[in-house]
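The structure appears below as structure tokens.
Laboratory data are not the source of any read-out in this text; all were calculated from the coordinates shown. This one's a predicted model, so the numbers in the text were calculated from it and none came from an experiment. Quick reminder, even Gly has a Cβ in these numbers, built from the backbone with ideal geometry, and neighbours come from all protein chains shown.
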Amino acid sequence: MTSLDSVTNPAHDLPDVSRLVVGVLGGTGDQGRGLAYRLAKAGQQVIIGSRTAERAEASAAELGLGVRGADNATTARESDIVIVAVPWDGHAATLSALREELAGKIVVDCVNPLGFDKQGAYALKPEEGSAAQQAAALLPDSRVTAAFHHLSAVLLQDESVAEIDTDVMVLGEERAATDIVQALAGRIPGMRGIFAGRLRNAHQVESLVANLISANRRYKAHAGLRITDV
Ligand SMILES: NC(=O)c1ccc[n+]([C@@H]2O[C@H](COP(=O)([O-])OP(=O)(O)OC[C@H]3O[C@@H](n4cnc5c(N)ncnc54)[C@H](OP(=O)(O)O)[C@@H]3O)[C@@H](O)[C@H]2O)c1
């Protein structure tokens, strides 16, 4: 019996998301490609988005698994769930330009606003409070959630790693939307999606990545998180 067998599995009451199309904005990067790989391997239909359709198509072809590639706008339009995996620098501009395409969609922001200096990584303080709150402000017609902040893109992309041993903190304002994102996380072997509050509490979740980066550097690891007693 693993330690997780003895606790309630929050995945039991979650909706079936297996037929939903997942798009990844910035899906040509490490995090986006890693998530696309894991979700497609789990049987999800996935579209990789990019500022350039050709780059997306090339990344999709490399991944195989039925993954398609398209420009970010087409990706947003043709997906049910859209993961935002662009750098913080390009976050506001990317989302502002896609307001129409993202209307009515579940948007999953995994962006960690971080700075780096000689002492390592540190959390930036977005004017809106967090990247997720910036997304919600820019996308009033979308169902904005936040999740997948603490994953290692190295592990996600490593085909020799069968299971990703981590929990995914899922934040949002609407229960039906966070349930769908929890269920999506649960599609990836080893992962559980755990509800972790409203978007006003996204800042510390995004910021915690600075601590994980410090742990990774000290211990030469790809640290993840587990929420105990859930
Ligand atoms: N890497 C990780 O381990 C990890 C883990 C958790 C969360 N995250 C978060 O996920 C996001 C992506 O991380 P990453 O390491 O994959 O980043 P990345 O490789 O630097 O960027 C991802 C993709 O975003 C696009 N892009 C680059 N600059 C852009 C801009 N100014 N505007 C719009 N799109 C731009 C690029 O795709 P095209 O050129 O094809 O458009 C790039 O391939 C970040 O916000 C990060 O905080 C990363």
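Computed values, structure above
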{"read-out": "Modelled FRET efficiency - R0 25 Å, N201 with R99, Cβ distances, 0.05 increments", "value": "0.55"}
{"read-out": "Residue order, fewest to most beta carbons within 10 Å, for K41, K220, K118, K125", "value": "K118, K220, K125, K41"}
{"read-out": "Neighbour net charge for T178 - beta-carbon separation under 12 angstrom, K R +1, D E -1", "value": "0"}
{"read-out": "Proximal charge balance of G26 [Cβ under 12 Å; K/R count +1, D/E count -1]", "value": "-1"}
{"read-out": "Length released on extending from N211 to A42, taking residue separation times 0.36 nm less the Cα-Cα span", "value": "57.9 nm"}
{"read-out": "Estimated distance in nm for a label pair at E173 and A53, the labels positioned 7 Å out from Cα along Cα-to-Cβ", "value": "3.4 nm"}
{"read-out": "Per-peptide average of other Cβ atoms within 10 Å, ordering 83-91, 29-37, 210-218 highest first", "value": "29-37, 83-91, 210-218"}
{"read-out": "The chain: C-alpha gyration tensor shape, a/c 1.5 cut-off, then a/b vs b/c", "value": "rounded"}
